[in-house]
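Engineer: Below you will find the structure I want to go over with you.
The values are calculated or read from the model by the stated rules, or taken from the named source; none is laboratory data. Just so it is clear, the structure is predicted and the values come from calculations on it, not from any experiment. Positions of Cβ are generated from backbone atoms using ideal geometry, with glycine treated the same way; all protein chains shown enter the neighbour counts.
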Amino acid sequence: MNDATTAAGPGAPVPSESAAPGRIVLLTTSHRVAPGLLSWPAWRTLRAADRVLCPDPDHPQLPYLREAGIAVEAGGELPSAEELVAYCTGDPGTGAGAGADAGAGAEAAAGGRTVVVVPSGEGEPRLTDGLARLAGSGRLRMPDLELLPASYDLPGARLLDLVQVMDTIRAECPWSSRQTSEGLVKYGIEEAYELVEAIEEGDREALREELGDVLLQVVFHARIAEEDPEEPFSIDDVAGTIVEKLVHRHPHIFGDEAAETPEDVKAHWLRTKAAEKRRESVTEGIPLGQPALALAAKLASRVRTAGLEVSLPSAAGDGDGFGEALLALAVRAEAAGTDPESALRSAARAYRDAVRAAERSD
């Protein structure tokens, strides 16, 4: 798209091939980064520009550009692609100076001018399409056309979009605006199980989608919590709490303690967690509503970690011994390093496949 040169027509002056062609720079910014935090190349280009154009009079960058002494022509319709090319190159064959301020035409005649366009949020398709059309025609000597990102999204920046969308949905959606955390419980459980299934199936696309669904539950509950009249908290409070917990429970990274093995890390974690919770029993904090095998394995893990000697219950409890037998298997699996819940799910999937195979053979 640079330096496309042809004759402008019979009798038309032809610019010198050695003359600077000028530049048209489309300066893009991210709405996820605070206004005014622009890259050094962006500030340097803005300060060196002959004209800075911004069609949006309410663009969030404008106050900061003006504070920095950048003269911005804001509001109104942008000059056409032909007008900007003429202004930058000084080629009278395109109507040099058209759309420019009074007296700018004489300056543009020399060429080598730089125009920076700060687009609105929707972009400037009329201008960019026009420039592409002119560059592709081969009839004009084009200025250098550049896309200059002035700010970049940081990792995790799209989370801000999620929070913003959730705010809008909570305010405007007839269904979402009426939901409570209690009413959303079943969805959280379903999404967690769907995530587990995606992991166990090794489906990467499903994994990405299900992680998003679980994340939505977190953001939804936090948004609802903001409205609590007595103890409100926000998604920032949720994130701040887990950050503090992670830092505190990793003293080998953020503190002075040492940990060379995964076992050392786990020991640190358990010590700091015990000090935080100040629990009187190793069973505290174990949710009884989780699946029975997972519950049994978690209890067994706590018992083993605490070094307790606890006898398994006898079959007198339920009369048939199935519960006690399943508990004993769960304890054995946990001691062997096998998650009994995952093991049973794997066996159940294999059983399902065998059922389907039997059905097809009939």
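Engineer: Contact list please: Cβ distance under 6 Å, first residue in region 239-260 and hydrophobic (A, V, I, L, M, F, W, C), second residue exposed (fewer than 12 other Cβ atoms within 10 Å of the Cβ) and in a helix (DSSP H, G or I), pairs at least six apart or on different chains.
Structural biologist: Correct list of pairs: Val247/Phe254.
Engineer: Quick one: would you say Ser234 is touching a residue at least 12 places away in the same chain (Cβ under 8 Å), in contact with a His (Cβ under 8 Å, 6 or more places away or on another chain) and under 27 Å from Gly289 (Cα atoms)?
Structural biologist: On the way: touching a residue at least 12 places away in the same chain (Cβ under 8 Å): yes; in contact with a His (Cβ under 8 Å, 6 or more places away or on another chain): no; under 27 Å from Gly289 (Cα atoms): yes.
For Ser234, the condition - touching a residue at least 12 places away in the same chain (Cβ under 8 Å), in contact with a His (Cβ under 8 Å, 6 or more places away or on another chain) and under 27 Å from Gly289 (Cα atoms) - is not met.
Engineer: Sticking with this structure for a sec: When you scan region 109-129, how many residues do you find that are within 11 Å of Pro55 (Cα to Cα), exposed (fewer than 14 other Cβ atoms within 10 Å of the Cβ) and at pLDDT 90 or above?
Structural biologist: So the answer is 0.
Residues are listed down the side, and each one gets a yes or a no for (1) assigned to a helix (DSSP H, G or I); (2) at pLDDT below 95; (3) under 23 Å from Arg32 (Cβ atoms):
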position	(1), (2), (3)
Arg170	yes, no, yes
Ser177	yes, no, no
Ile189	yes, yes, no
Tyr193	yes, yes, no
Glu200	yes, yes, no
Ala206	yes, no, no
Gln217	yes, no, yes
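Engineer: I'm trying to understand the selection: among the residues of region 232-244, which are part of a helix (DSSP H, G or I) and either in contact with a Pro (Cβ under 6 Å, 6 or more places away or on another chain) or surrounded by fewer than 12 Cβ atoms within 10 Å (Cβ to Cβ) (or both)?
Structural biologist: Going through region 232-244, the residues part of a helix (DSSP H, G or I) turn out to be 235-244.
Of everything in region 232-244, those that are part of a helix (DSSP H, G or I) and either in contact with a Pro (Cβ under 6 Å, 6 or more places away or on another chain) or surrounded by fewer than 12 Cβ atoms within 10 Å (Cβ to Cβ) (or both) turn out to be Asp236, Thr241, Ile242, Val243, Glu244.
Engineer: Among the numbered conditions (1) surrounded by 13 or more Cβ atoms within 10 Å (Cβ to Cβ); (2) charged (D, E, K, R); (3) closer than 27 Å to Ala192 by Cβ, tell me where Arg352 comes up short.
Structural biologist: Of (1) surrounded by 13 or more Cβ atoms within 10 Å (Cβ to Cβ); (2) charged (D, E, K, R); (3) closer than 27 Å to Ala192 by Cβ, only one is false for Arg352: (1).
Engineer: For region 1-9, indicate whether the set of residues that are buried (at least 17 other Cβ atoms within 10 Å of the Cβ) and either at pLDDT below 85 or not assigned by TED's automatic domain parsing to the domain that holds Arg113 (or both) is non-empty. Full working, then the answer.
Structural biologist: The initial filter retains those residues of region 1-9 that are buried (at least 17 other Cβ atoms within 10 Å of the Cβ), namely 8.
Next cut, either at pLDDT below 85 or not assigned by TED's automatic domain parsing to the domain that holds Arg113 (or both) only: 8.
Yes, the conditions are met somewhere in region 1-9.
Engineer: Being among the small types (Gly, Ala, Ser) and either modelled with pLDDT under 90 or surrounded by 13 or more Cβ atoms within 10 Å (Cβ to Cβ) (or both) is the filter here; which residues of region 336-345 pass it?
Structural biologist: Of all residues in region 336-345, those among the small types (Gly, Ala, Ser) come to 336-337, 342-343.
Within region 336-345, Ser342, Ala343 qualify.
Engineer: Right, something else. Just to be sure I understand the filter: pairs with C-beta atoms under 8 Å, separated by 6 or more residues or on different chains, first member in region 273-297 and on the phi > 0 side of the Ramachandran plot, second member assigned to a helix (DSSP H, G or I). Which pairs pass?
Structural biologist: Gly285/Lys277
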